[in-house]
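Okay, here's the structure, questions in a sec.
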Amino acid sequence: MTVPTPPGAPGSGTARGSGTARGSGAARGSDTALDSDAALGFGAVLGAEALGFGAARGSDVALGSDAALGSDAALGSDVALGSGASGGSGEPVRSSAPARPGDRARPAHRRSVLYVLTCGSPLARQVGQLVAAAQADGWDVCVVTTPDGQKFIDHETLARQTGHPVRSRYKHPGDPDLLPPADAMIVCPATVNTVTKWAAGITDTLVLGLLVEAQGRGLPIVAVPFTNSAMAVHPAFQEALARLDRWGITVLFGDHVFPLHPPGKSEAHLHAFPWQAPLAALH
């Protein structure tokens, strides 16, 4: 499927995977933050992978201000991802790599765990609707935000709703596990900043670290980019969408998902966002 290109967009649309909803997606207000690490320009983000961001994994390697990725530090404890993922939209990604030390199998009595990852966007204010829908579908839900996503959510309300703390930063080495390992992930809303960094392998937020590691472990991941019509046509964003699709990520983005709106005009339309769509893509 071809991603629709808004009027004035450079180049033709980006090819998408078979059967998976794709396109040119959601609106976003002009005051929307692009995550705390949005200092990276869009054109530079994909080039940043040449610096090896997100590739380092030695003990106590610092990635960004708070992203120490020690052997047990960042993606251990509350970030450990289960190996018993199920479901996916049509063709869930499966890893052929053998089990590694530290990988944890899901106990038979435990409900499947869904990580809802959310970024800095006005749409994040309504993420409780996705949590409620997932819980009704039988998932044990955990919410993780980017640092800038914290501005848009009610931590206490979501913690009560899920029964888990809302995470936004990497833990310190030696800290205990706070969240159960994930069986699947939905990143919604996914900002331009998070999408382009993810495609470059950058892991300078907890959300990005979770996505990169989950992808390596073959967990089902559904991404729902959310932006405005001006930012959606940036070449780095278009290339990032194409990469994620080639890698087997289910990307829901296009007018058939949620129409694009001009900068500053999206908030009037947030009530119409289809929160059931990401869940349906996991089945």
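The values are calculated or read from the model by the stated rules, or taken from the named source; none is laboratory data. Here the structure is a predicted model, which means the values were calculated and not measured. Virtual Cβ from ideal backbone geometry, glycine too; neighbours counted across all protein chains shown.
Just one of G209, G174, G248, G218 is closer than 22 Å to D140 by Cβ and not in a helix (DSSP H, G or I); which is it?
Among G209, G174, G248, G218, only G218 is closer than 22 Å to D140 by Cβ and not in a helix (DSSP H, G or I).
Check off (1) under 21 Å from S266 (Cα atoms); (2) free of Cβ contacts under 8 Å to residues at least 40 places away in the same chain; (3) crowded, with 21+ Cβ neighbours inside 10 Å for A230 and give me the number that stays unchecked.
(3)
Restricting the stretch 91-131 to residues that are of a type in the set (A, V, I, L, M, F, W, C), surrounded by 13 or more Cβ atoms within 10 Å (Cβ to Cβ) and farther than 21 Å from P274 by Cα, which is modelled with the lowest pLDDT?
V93
Within the stretch 145-161, which residues are among the hydroxyl-bearing types (S, T, Y) and over 18 Å from the mean Cα position of the chain (by Cα)?
Matches in the stretch 145-161: T157 only.
Any chance the stretch 171-182 includes a residue that's acidic (D, E) and modelled with pLDDT of 95 or more?
no
Collect the residues in the stretch 251-283 that are in a loop (DSSP other than H, G, I, E, B) and in contact with a Gly (Cβ under 7 Å, 6 or more places away or on another chain), keeping them in residue-number order.
F253, G254, D255, H256, V257, F258, L260, G264, S266, H283
OK, next. Pick from the stretch 228-251 the residues that are polar (S, T, N, Q) and at pLDDT 95 or above: which of them is farthest from the chain's Cα centre (by Cα)?
Result: Q238.
Go through the stretch 221-239 and count every residue that is assigned to a helix (DSSP H, G or I) and more than 20 Å from A124 (Cβ to Cβ).
Residues flagged as assigned to a helix (DSSP H, G or I) and more than 20 Å from A124 (Cβ to Cβ) within the stretch 221-239 amount to 5.
For the stretch 267-283, enumerate the residues that are out of contact with any Leu (no Cβ under 7 Å at 6 or more places or on another chain) and closer than 16 Å to L117 by Cα.
Answer for the stretch 267-283, where residues must be out of contact with any Leu (no Cβ under 7 Å at 6 or more places or on another chain) and closer than 16 Å to L117 by Cα: Q276, L279, L282.
Let me confirm something: among T146, T191, T196, T157, which residue is closer than 29 Å to A268 by Cα and surrounded by fewer than 22 Cβ atoms within 10 Å (Cβ to Cβ)?
Of the residues listed, the single one that is closer than 29 Å to A268 by Cα and surrounded by fewer than 22 Cβ atoms within 10 Å (Cβ to Cβ) is T157.
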